[in-house]
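Novice: Once you've had a glance at the structure underneath, I'll fire off some questions.
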Amino acid sequence: MHGYRGTVLRVNLTSGEISKEGLDPALAMKFIGGRGLCSYVLSREVDPKVDPFSPDNKICLSTGPLTGTSAPAGSRYMVVAKSPLSGTIASSNSGGFWGPELKYAGYDMVILEGKAPKPCYLFIKDDQVELRDAGHCWGELVSKTTGILQEEADDPKT
């Protein structure tokens with residue numbers, strides 16, 4: 001499956017359960033890229049009548065087959081969810097290190113579902129994937145939070 005790592009992370013924020021699922025190669029070929037794959041997942045798993053702000057909505061983050069390569073725009077990843085503005089599936093994309101690093105860690109997609117009972121963040125470092133308490137970062141500036149998380153991970157590149 002060229003361009004894909006073959007693994008999807010599913011994170012249930014309500015229960016704290018994290019699971020790894022295989023990425024279906026046929027779906028990856030039919031719905032190429034992060035937007036296509038996430039739109040497919042949301043159309044199958046989110047009731048069209050669900051309120052976008054409900055814990056029943058899901059947020060899907062996904063890389064494409066060129067993410068993490070030297071191809072133009074190879075640093076991009078998609079964020080897809082049901083939009084509170086339109087009530088339909090909406091997507092946005094971003095660049096930088098996050099998409100390639102997710103791919104290098106071995107994952108093509110992260111599906112976030114449910115609602116966390118308290119502030120938390122998702123820590124991913126290769127096979128180590130866990131939800132961690134973020135109460136001590138809540139309300140802090142991004143720059144301060146970044147420093148706190150880098151120190152906790154003992155990695156200035158976090």
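Novice: Of all strands (runs of 3 or more DSSP E) completely enclosed by the range 84-158, which ones contain at least 1 residues that are open to solvent by 40 Å² or more (accessible area, probe 1.4 Å) and in contact with a helix residue (DSSP H, G or I) (Cβ under 6 Å, 6 or more places away or on another chain)?
Specialist: Details: elements: 89-94, 109-113, 120-125, 128-133.
Of the strands (runs of 3 or more DSSP E) lying wholly inside the range 84-158, those with at least 1 residues that are open to solvent by 40 Å² or more (accessible area, probe 1.4 Å) and in contact with a helix residue (DSSP H, G or I) (Cβ under 6 Å, 6 or more places away or on another chain) span 89-94, 120-125.
Novice: Out of the residues in the range 1-16 that are of a type in the set (S, T, N, Q) and more than 18 Å from ASP126 (Cα to Cα), which is least open to solvent (accessible area, probe 1.4 Å)? Steps first, please.
Specialist: To start, the set of residues in the range 1-16 that are of a type in the set (S, T, N, Q) comprises 7, 12, 14-15.
Add one more test, that the residue is more than 18 Å from ASP126 (Cα to Cα), and what stays is 12, 14-15.
Details: ASN12: 46, THR14: 85, SER15: 77 Å².
Among residues in the range 1-16 that are of a type in the set (S, T, N, Q) and more than 18 Å from ASP126 (Cα to Cα), the one least open to solvent (accessible area, probe 1.4 Å) is ASN12.
Novice: Follow-up. Give all pairs with beta carbons closer than 7 Å in which a residue from the range 110-123 that is farther than 26 Å from TYR4 by Cα and without any contact (Cβ under 8 Å) to a residue 24 or more places away in the chain meets a residue that is open to solvent by 50 Å² or more (accessible area, probe 1.4 Å) and hydrophobic (A, V, I, L, M, F, W, C); count only pairs at least 6 apart in sequence or on separate chains.
Specialist: PRO119/TRP138
Novice: Restricting to the range 86-137, count the residues that are farther than 20 Å from SER15 by Cα and among the aromatic types (Phe, Trp, Tyr).
Specialist: Here the count works out to 4.
Novice: Okay, moving on. Only one residue in SER39, SER62 is among the polar types (S, T, N, Q) and farther than 15 Å from PRO100 by Cα. Which one?
Specialist: SER39
Novice: Among ALA73, ALA28, which is the only one that is without any contact (Cβ under 8 Å) to a residue 40 or more places away in the chain and not in a strand (DSSP E or B)? Talk me through it step by step, then tell me what you get.
Specialist: Values: ALA28 fails: without any contact (Cβ under 8 Å) to a residue 40 or more places away in the chain.
Every option except ALA73 fails the conditions.
Novice: Any idea which of SER54, SER19, SER39 is small (Gly, Ala, Ser), farther than 16 Å from GLY3 by Cβ and either assigned to a helix (DSSP H, G or I) or open to solvent by 50 Å² or more (accessible area, probe 1.4 Å) (or both)? Full working, then the answer.
Specialist: Numbers: SER54 fails: either assigned to a helix (DSSP H, G or I) or open to solvent by 50 Å² or more (accessible area, probe 1.4 Å) (or both); SER19 fails: either assigned to a helix (DSSP H, G or I) or open to solvent by 50 Å² or more (accessible area, probe 1.4 Å) (or both).
Matching residue, one of SER54, SER19, SER39: SER39.
Novice: Also, quick follow-up: Restricting the search to the range 1-46, which residues are among the acidic types (Asp, Glu) and at pLDDT 95 or above? Spell out how you get there, then give the answer.
Specialist: As a first pass, look at the range 1-46 and keep what is among the acidic types (Asp, Glu): 17, 21, 24, 45.
GLU17, GLU21, GLU45 - these are the residues of the range 1-46 that are among the acidic types (Asp, Glu) and at pLDDT 95 or above.
Novice: Would you please name the residue that is modelled with the lowest pLDDT, looking only at residues in the range 72-83 that are crowded, with 19+ Cβ neighbours inside 10 Å and hydroxyl-bearing (Ser, Thr, Tyr)? Show your work before the answer.
Specialist: Taking the range 72-83 as the starting set, the residues that turn out to be crowded, with 19+ Cβ neighbours inside 10 Å are 75-78, 80-82.
Next cut, hydroxyl-bearing (Ser, Thr, Tyr) only: 75, 77.
Details: SER75: 91, TYR77: 95.
That would be SER75.
The values are calculated or read from the model by the stated rules, or taken from the named source; none is laboratory data. In this text the structure is predicted, and so the values were computed from the model without any measurement. Using ideal geometry, Cβ is built from the backbone for each residue, glycine included, and neighbour counts are taken over all protein chains shown. When the accessible area is computed, the model is the full protein with side chains, heavy atoms only, and any ligands, DNA or RNA have been set aside. Shrake-Rupley method; radii C 1.70, N 1.55, O 1.52, S 1.80 Å.
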